[in-house]
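What follows is a set of notes on a single structure, which appears directly below.
The values are calculated or read from the model by the stated rules, or taken from the named source; none is laboratory data. Small disclaimer: the values here were computed from a predicted structure and weren't measured. Here the Cβ positions follow ideal geometry from the backbone for every residue, glycine too, while neighbour counts run over all protein chains shown.
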Amino acid sequence: MSADNGYAGTEKGRDALPEGAWPRVPLEWNATAVDYPGEQAVHRLFEQQVERTPDAIALVYEGQQLTFRDLNRRANQLARHLRRLGVGPEILVGVGLERSPAMVVGLLGILKAGGAYVPLDPAYPAERLAFMLADARPAVLLTREPLLARFPTYEQVVCLDTGWSAIARESDEDTDDAGDSGGDNLLYALYTSGSTGQPKGVAGTHRASINRFCWMWTTYPFEPEEVCCQKTSLSFVDSVWEIFGPLLQGVPSVIIPDALVRDPQQLVQILAAHWVTRIVLVPSLLRALLEAAPNMRERLPGLKYWVCSGEALPVELALRFRESMPQSILLNLYGSSEVAADVTCYDVREYRPSLASVPIGRPIANTRIYVLDEQMQPVPVGVPGELYAGGDGLARGYLRRPALTASRFVPDPFSGEAGARLYKTGDRVRYLPDGNIEYLGRLDHQVKLRGMRVELGEIETALLRHPAVRQVVVMAREDVPGATHRPPARGGLGEIRLVAYIVLREEQSATPDDLRNHALQYLPDYMLPSAFVMLAALPLTPNGKVDRQALPVPDQSRPALSTPFVAPRSPLEERIVAIWSEQLEVAPVGIHDNFFALGGHSLLAAQVIAQLRAIFGVEVPLQGFLDAPTVAQLAVLLEQSQKDAPTRRSPLKAVSRGAYRISQTGMMGRE
């Protein structure tokens, strides 16, 4: 662990700069070294916690509970079973499971066997899952019997439901240290969007994540009776903290199913019912929660820590939160999978009106941040440059991609530590006079959309596979309705959306519906463009490159869909059409048009539901909306909801404040 805490690192680092180039950046602006158990592995720290609180509740899921002792025993049994199948240090195991206690048992079992896990979201397209399995080449695939059909045939598969009887015959004692993984061994390989057209796996270590955990435990320590929640997909790096951050400290976690996470009203209900005290979420979800529950302060008085990450936090949203939740702390964190989720942090209580945007803050423990120019020389305070991150949080690199690893994880010229590296983030930032860092945007075509990393090149590659597509350019736009150009972003208020500009081959045809359905075969739904603009030719600059600034703003007319247009037939359908047109910025809207084919997504659907609730006084469940995504279907659902409103009861069961310290024997949920 390096004790270097500034640009200088060593005198060698300072002397390497040209005369007059050393900026006035105080050394204390980088975090000092903090001791932490970096030589240990995540699962060994968990076992130490089990010894301290064996009968405390570790996981809560749909009314069922699992204690630390029972969670540990099940993980031990699975670990021994996996070792018999060849799992050990540096061996990958695929995890194709939904969020549940079984998923956590699976992760701990893999780690206790000495291996590392590869998340394989069962909701991903089959083509994407097949590529990830072929690329990662895990020794074993963990899943459940009902999910097997979503994956290609695999040599070694362990089903945690139908196969548990065989696993349960193994010893439930802690595994020995034979071949055990230490701090520098792999913890996970998380696949992120790739600019070359295929996702790439980020290889993270135990040490990097434990450093991130210890920083949070030290800076914002857990207090008695805290409760956390696990709501992020295993495929995204924030899930690592959500799962292991509380577990390693004896804090219970409520596992929230996808259907409830996507429904802001139900999410608020479950957070309140379980007295959740901390949450990690993207700004777009924070906005949806504030809109779904204007009385948030009264409904969630104990939710003290709100951690925002994944995308820029708009100033107006930060101020709105401070006004709505003055008793709570909102943290703006910055990072990525390559740096164990986070490398800087800003407490929004420090925000002052003179700032143009919400800063991303200062480095966390054992982390160094540099703002460098194109020659990798430090720039002065206030001058934009690229953010480079160094220290103990760095991933090992990209799985089986040495060239890409070498280009993004570069030698650290400012450190005296042998082999020290810097992660080249591609983010444009600048130091503010007080030592905080301001995020200014990307230097390439990568974007963050509702917290998910999206490489535009991967979308373009998928669309180019359609036989009718000759050329394609995908942009992330933040247009003001009616504008003719894209305004400066700087974390603005507009809804960022993906727009695909398509040039078709001669004598070929394809509708937006065709292209969307084609893309669904290769891309997860969050990467689907919300609009397809057909062009005769792409605009070019004088040197022959695509002129992205000249690409037109999509108009608000209804796209060419396979469904014929049918006008509203009743006042109720007219009202729904008006709401859809406002939210989607599309007109006209037909009663048989699919909300998602018009460019909608789950958070926009939640906003539609909030408007329906305000107008009609009834609750439409998000899952109901997803199952009935046309105006005509939604009108029927709304009428039924109005009839059922007097007799409807909440499915959520309230939990007493101190219930999580009671010794109980838990169950495995849906195994």
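From the list Glu51, Glu39, which residue is among the acidic types (Asp, Glu) and either part of a helix (DSSP H, G or I) or within 26 Å of the chain's Cα centre (by Cα) (or both)?
Unique residue meeting the criteria: Glu51.
Could you count how many residues in region 60-77 are at pLDDT 95 or above and assigned to a loop (DSSP other than H, G, I, E, B)?
Result for region 60-77: 0.
So which residues in region 290-301 are part of a loop (DSSP other than H, G, I, E, B) and either modelled with pLDDT under 95 or surrounded by fewer than 17 Cβ atoms within 10 Å (Cβ to Cβ) (or both)?
Ala293, Pro294, Asn295, Pro301
Test each condition in (1) buried (at least 17 other Cβ atoms within 10 Å of the Cβ); (2) at pLDDT 95 or above for Asp347 and report the one that comes out false.
Of everything listed in (1) buried (at least 17 other Cβ atoms within 10 Å of the Cβ); (2) at pLDDT 95 or above, Asp347 misses just condition (1).
Considering region 228-267 alone, what residues qualify as being without any contact (Cβ under 8 Å) to a residue 40 or more places away in the chain and among the β-branched types (Val, Ile, Thr)?
Those that are without any contact (Cβ under 8 Å) to a residue 40 or more places away in the chain and among the β-branched types (Val, Ile, Thr): Val251, Val261.
Here is a list: Ile609, Ile591. Which entry is of a type in the set (Val, Ile, Thr), touching a helix residue (DSSP H, G or I) at 6+ places or on another chain (Cβ under 8 Å), crowded, with 20+ Cβ neighbours inside 10 Å and in a loop (DSSP other than H, G, I, E, B)? Break it down into steps so the answer makes sense when it comes.
Working: Ile609 fails: in a loop (DSSP other than H, G, I, E, B).
One residue alone meets the criteria, Ile591.
Is one or more of the residues making up region 351-372 in contact (Cβ under 8 Å) with a residue 12 or more places away in the chain, among the small types (Gly, Ala, Ser) and in contact with a Phe, Trp or Tyr (Cβ under 6 Å, 6 or more places away or on another chain)?
Checked region 351-372: at least one residue is in contact (Cβ under 8 Å) with a residue 12 or more places away in the chain, among the small types (Gly, Ala, Ser) and in contact with a Phe, Trp or Tyr (Cβ under 6 Å, 6 or more places away or on another chain).
Return only the number of the condition from (1) out of contact with any Leu (no Cβ under 7 Å at 6 or more places or on another chain); (2) surrounded by 21 or more Cβ atoms within 10 Å (Cβ to Cβ); (3) polar (S, T, N, Q) that Ser235 does not satisfy.
It is condition (1) that Ser235 fails.
Tally the residues that are under 19 Å from Ala273 (Cα atoms), of a type outside the set (D, E, K, R) and in contact with a strand residue (DSSP E or B) (Cβ under 9 Å, 6 or more places away or on another chain), restricting the search to region 214-231.
Residues flagged as under 19 Å from Ala273 (Cα atoms), of a type outside the set (D, E, K, R) and in contact with a strand residue (DSSP E or B) (Cβ under 9 Å, 6 or more places away or on another chain) within region 214-231 amount to 4.
Conditions: (1) modelled with pLDDT of 95 or more; (2) out of contact with any helix residue (DSSP H, G or I) (no Cβ under 8 Å at 6 or more places or on another chain). Tyr117 meets all but one. Number of the miss?
Among (1) modelled with pLDDT of 95 or more; (2) out of contact with any helix residue (DSSP H, G or I) (no Cβ under 8 Å at 6 or more places or on another chain), Tyr117 violates only (2).
Looking at Leu190, Leu186 in this structure, which one is of a type outside the set (Lys, Arg) and in contact with a Phe, Trp or Tyr (Cβ under 8 Å, 6 or more places away or on another chain)?
The unique qualifying residue is Leu190.
Within region 268-300, how many residues turn out to be touching a residue at least 60 places away in the same chain (Cβ under 8 Å) and acidic (Asp, Glu)?
1
What do you reckon, is Arg287 out of contact with any Pro (no Cβ under 6 Å at 6 or more places or on another chain), modelled with pLDDT of 95 or more and charged (D, E, K, R)? Let's see the steps before the verdict.
Numbers: out of contact with any Pro (no Cβ under 6 Å at 6 or more places or on another chain): yes; modelled with pLDDT of 95 or more: no; charged (D, E, K, R): yes.
No, not satisfied.
If you take the residues in region 184-198 that are at pLDDT 90 or above and surrounded by fewer than 22 Cβ atoms within 10 Å (Cβ to Cβ), which one is nearest to Arg80 (Cα to Cα)?
Taking the candidates together, the pick is Asn185.
Can you pull out the residues in region 547-577 that are outside any loop (DSSP other than H, G, I, E, B) and surrounded by 14 or more Cβ atoms within 10 Å (Cβ to Cβ)?
Arg548, Leu572, Glu573, Glu574, Arg575, Ile576, Val577
Residues checked against (1) in contact with an Asp or Glu (Cβ under 8 Å, 6 or more places away or on another chain); (2) among the hydroxyl-bearing types (Ser, Thr, Tyr); (3) modelled with pLDDT of 85 or more:
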position: His592; (1), (2), (3): no, no, yes
position: Leu598; (1), (2), (3): no, no, yes
position: Ala610; (1), (2), (3): yes, no, no
position: Val620; (1), (2), (3): no, no, no
position: Leu634; (1), (2), (3): no, no, yes
position: Asp644; (1), (2), (3): no, no, no
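Kindly indicate the residue of region 33-82 that is of a type in the set (Gly, Ala, Ser) and surrounded by fewer than 22 Cβ atoms within 10 Å (Cβ to Cβ) and also farthest from Ser165 (Cα to Cα) among those meeting that condition.
Residues of region 33-82 that are of a type in the set (Gly, Ala, Ser), as a first pass: 33, 38, 41, 56, 58, 63, 75, 79.
Adding the requirement that they be surrounded by fewer than 22 Cβ atoms within 10 Å (Cβ to Cβ) leaves 33, 38, 56, 63.
Numbers: Ala33: 47, Gly38: 36, Ala56: 26, Gly63: 24 Å.
It comes out as Ala33.
Yes/no per residue for (1) more than 28 Å from Pro199 (Cβ to Cβ); (2) outside any loop (DSSP other than H, G, I, E, B); (3) modelled with pLDDT under 95:
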position: Val280; (1), (2), (3): no, yes, no
position: Gly310; (1), (2), (3): no, no, yes
position: Pro326; (1), (2), (3): yes, no, no
position: Leu333; (1), (2), (3): no, yes, no
position: Gly382; (1), (2), (3): yes, no, yes
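Confirm whether Glu438 is assigned to a strand (DSSP E or B), touching a Pro at 6+ places or on another chain (Cβ under 6 Å) and not aliphatic (A, V, I, L, M). Walk me through how you get there before you give the answer.
On the way: assigned to a strand (DSSP E or B): yes; touching a Pro at 6+ places or on another chain (Cβ under 6 Å): yes; not aliphatic (A, V, I, L, M): yes.
The answer is yes for Glu438.
Which number in (1) surrounded by 19 or more Cβ atoms within 10 Å (Cβ to Cβ); (2) in contact with a helix residue (DSSP H, G or I) (Cβ under 7 Å, 6 or more places away or on another chain); (3) under 21 Å from Pro512 (Cα atoms); (4) free of Cβ contacts under 8 Å to residues at least 40 places away in the same chain marks the one condition that Phe625 misses?
Just one mismatch for Phe625, condition (3).
Would you pick out the residues in region 319-364 that are within 22 Å of the chain's Cα centre (by Cα) and of a type in the set (A, V, I, L, M)?
Hits for region 319-364 are Ile329, Leu330, Leu331, Leu333, Val339, Ala340, Ala341, Val343, Val348, Val358, Ile360, Ile364.
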